[in-house]
1. Please work out the C-alpha center-to-center distance from region 247-307 to region 68-116 and express it in whole Å.
2. If contacts are Cα pairs under 8 angstrom and at least 6 residues apart, what is the relative contact order of the chain in percent?
3. How large is the Rg to Rh ratio of region 182-239 when both quantities use alpha carbon positions and Rh follows Kirkwood?
4. Using the scaling law 2.2 N^0.38 Å as the reference, what is the normalised Cα Rg of the chain?
5. Take the Cα atoms of region 127-248, find their three principal axes, and give me the spread along each one in whole Å, biggest first.
6. When the Karplus curve 6.51 cos²θ - 1.76 cosθ + 1.60 is applied with θ = phi - 60°, which whole-Hz ³J(HN,Hα) does each residue of region 264-280 get, with x for Gly and Pro?
7. At most 15 other Cβ atoms within 10 Å and a DSSP loop assignment: could you name the GluC sites (Glu not before Pro) in region 288-379 that fit?
8. Rg to Rh for region 294-373: what is it, with Cα atoms only and Rh by Kirkwood?
Amino acid sequence: MTLSPDTNRFHDIAGRLTLPSNAFIDGAYVPARSGRVFETLNPATSAVLGTVAHGDAADVDLAVAAARRSFKEGAWSRCAPEHRKDVLLRLAQLVRDHAEELAVLESIDSGKTITDCLAEIGEHVPTFFQWYGELADKSFGKVAPTGEDALALILKEPAGVVGLVLPWNFPLLMAAWKLAPALASGCSTVVKPAEQTPLSSLRLAELAMEAGLPAGVLNVVPGFGETAGQAIGRHMDIDVVSFTGSTEVGALFLRYASESNLKPVGLEMGGKSPLVILDDAVIDDHLVTNAVNAACWNGGQNCSANMRQIVHASLKDEFLQAVVEKVATFKVGDPLDPETQMGSMVTDEHLRRVSRYVETGKSEGARVAYADEKVRPDGFFLNPTVFDGVTRNMTIAREEIFGPVLGVIDVADNAEALDVALDTPYGLHASVFTRDMDKAMHFARRLPCGTVSINCFSEGDVKTPFGGYKQSGSLARDNGVEAMDQYVQTKTVWVYLRPM
Ligand code: NAD
C-alpha cells in the first residue's frame, strides 16, 4: 500500500514520539507508589504502545496533598487574575506549537483520526485555554443593594481542590473543557484520564509547567476507575468533582460523595439524542452530511451522537437512500491517514459491545439498510451500519450504543416526531431540520435537553454551555461562562458601616 506524504509524516512523528509513562504529581513525572504499570495500546494496530504508571488511592492521596499545598500557598489560587490569564494564554500557545505531536499522540492512543485530532488539539483545545484565560480577569463579583449602614459584597472564590475524571472519546478536549475554567477560577486540580487514553493529559501537564503553572496546581494520575477514579470520588480533601463519562459511573460519583464529604459533583453523561426531520425539510447534501456525521463522527463514540434519526414518512425513502450512498463512501481505516473519516474503535471490548448492539438490532427486527462486514484483522475497526424500520421500543433505540450506528425511525406527522424524540431517559442533545423557524423553535423549547441544533448537527462552541437534562447530566455545565460555576464558591461579606 502506498501512503500519502502526510500519512508517512504522521507515522514518522509517531515513531519518534517519547511517550509519557509516569504520573504527573507536584510538578514532576513520578512512578506509581506501588511500582505497578498498565499497558496502553494503539487500537488501530492492537500493538502495545508502552506502559503507564498504574495510579491508585495512594497516588491520588499524593496528588491531592500537592494540590492542597499549592492551593493553600496561594501562588495560583490567590494571585492576580492577570497572572492566571498570562499563564493560560502561554499554555494555549504551547499547545498550538505542539499540535502535531499532541495530535499524533492522541490518535495512536485512541484510534481517532488525525484530521479530528488536529482540529481538536490544533484549534479547540488552545481556544479553551485562551478563552478562559481571557475570562480570568473579566469575571466580577456583585454588590447587593443595602441601606447606607451596610456594604454587601458577593464574592466568587476558587472552590479549592477539584477532581476531574475524564472519558476516552475526546481525551485532551475533555481535559481542556474542565481544566481551562477550573484553572482560570484559581483551583488546584487532580486529573484522572480514562485508562484507555492516558497519554495526552500527561503531556499537557508538562506543557502547563512550561507555561508557568506552579507545581501542584495540575496533577495527573493515570489509573483505573474502580481504584484511582473511586479514590477521587471518595476523597475527603477534594472539594469538587467534575466527571464526564457514562450515566452508570456518574451515579457512582453521587454515591461516593454522599458516603464521603458531600462534595458537589458535576456530571456530564451519556445520551440517546434524536435528530428530527420534519415534513418540510429539504433532503440535500448539507442535511445528509450532517445526519451521517451526527451518527458516525468519531466512530459514533460521541455522547451527543444523534443515533435516533426520526424522519417524516413522506421523506423517509429519499433520506435513507441519500444516507446509504453517503455512508458507503465513508473511508474507514488508518487513523494517521488524513483522508480517513473514521478510525478504529477505542478497544476490542468496545468493538464487541457495539457489534452486539448491531446483532440485537437485527434480532429485534430492524432492517439493515447498509452494512459492510469486511473485517480488518490489524486493529479494532468497525464499519458503519444503517438501520431502517427502527421502532421506539427496540433496544437500539433506547440504549446508548456509542458506535457508528444510524437508526431511522419513520413517523406519520410532526406530533409523533416530537413524541418519539421525547421518549428517552436522556436529555443531552437534539437536532431539528425544517424550513419553518416557528416549528424549529417550538421543538427547541419542548425538547428537554441541554443543546438543540437547528438545521445542522452542532454542540455549539467554547462560548455556549454544554450539558444534559435528565439522566444525561446534573445542573452543571461545561463550556461558556456557566462552566466557571462548577469551580467557584459564592461568599457574602456583609460590612457594617458606622453612620457618618
Ligand atoms: P466511563 O463512565 O466508563 O468512564 C469515565 C471515567 O470514569 C474514566 O476515567 C473511568 O476510569 C472512570 N470510572 C469508571 N468506572 C469508575 C468507577 N467505578 N469509579 C470511579 N470512576 C470510574 O465512560 P467512558 O466509557 O470513558 O466514556 C463513554 C461515556 O462518556 C459515554 O456514556 C458518553 O456518553 C459519555 N460522555 C459524555 C460526555 C458529555 O459531555 N456529556 C462527553 C463525552 C463522553
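1. Here the two parts' Cα centres lie 25 Å apart.
2. Dividing the mean separation by the residue count of the chain yields 18 percent.
3. So for region 182-239, dividing Rg by the Kirkwood Rh gives 0.98.
4. Against the compact-globule rule of thumb, the ratio is 1.00.
5. Largest to smallest, the principal-axis extents are 59, 31, 26 Å.
6. x, 10, x, 10, 10, 10, x, x, 8, 7, x, 10, 10, 10, 7, 4, 9
7. 339, 364, 373
8. Using only Cα positions, Rg/Rh for region 294-373 is 0.97.
The values are calculated or read from the model by the stated rules, or taken from the named source; none is laboratory data. The model shown is predicted, which means the values in this text are computed figures rather than measured ones. So basically every Cβ, Gly included, is an ideal-geometry build from the backbone, and we count neighbours across all protein chains shown. Each accessible area value is taken on the protein alone, full model and side chains, heavy atoms only, with ligands, DNA and RNA left out. Shrake-Rupley method; radii C 1.70, N 1.55, O 1.52, S 1.80 Å.
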